């Protein structure tokens, strides 16, 4: 299904630029049609000139967007050898012990092999600063730990980090956010654009609303400020 919006501006160029910003794409990916152009007359000389354009995101772009965002949350089972797991675990332990010692923090952690994915759970009384705003610090640490875990391993190791059970709490919050806004869209008929989110969080929103027949979702903008738009399914 194509995504179509109506944009307006003082000139056709301004209207098109606004539309491209809302769709989060470039001019070659949309079909553009000038709908109307309000012209000034003697009696409307003080009225601002308005140009309205209809912009449709090309079908293949919409499908690629949805498929990209709606990949399953769970990854396929990965064959991680015992040798690679122990090596990765040793790398991570060495790094975390040094980090905790340097930071002088009262932090505990556990490491598990969950179907080939290394999962690390950190806990402590003062771990909020390790999570950061919307999990930004947590995801940065996960990236660092992934690089550390993969040092001198024969196969690529996938690592997931959680701190103070943040991810499961955030997932529940996002599901509730998605459902509340979906009801607003259905009730008022107006699209809702959510705040910028991590790719992992956008997948949660898409998944939470995939069974709503009256609702469709797509993402706009560029990382790291990519956002989800919830709209009526026309």
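When all alpha carbon pairs of region 136-193 are counted in 10 Å bins from zero, the resulting P(r) reads 19, 29, 23, 19, 8, 1 %.
Between region 78-126 and region 193-234, the alpha-carbon centres lie 32 Å apart.
Show me 102-115, 83-96 ranked by packing, highest mean number of other Cβ atoms within 10 Å first.
Values: 102-115: 12.2, 83-96: 17.0.
Averaged packing, sorted descending, gives the order 83-96, 102-115.
The share of Cα pairs per 10 Å bin across region 114-213, counted from zero up to the longest distance, runs 13, 37, 29, 16, 5, 0 percent.
For region 82-164, the Kirkwood hydrodynamic radius from C-alpha pairs, put into Stokes-Einstein at 20 °C and a viscosity of 1.002 mPa s, yields a diffusion coefficient of 165 µm² per second. The ellipsoid equivalent to the alpha-carbon distribution of region 158-224 has semi-axes of 24, 14, 10 angstrom, derived from the gyration tensor eigenvalues as √(5λ) and listed largest first.
A short reminder: the numbers here are calculations on the coordinates, not readings from a lab. Keep in mind that this is a model prediction, so the values were computed, not measured. Quick reminder, even Gly has a Cβ in these numbers, built from the backbone with ideal geometry, and neighbours come from all protein chains shown.
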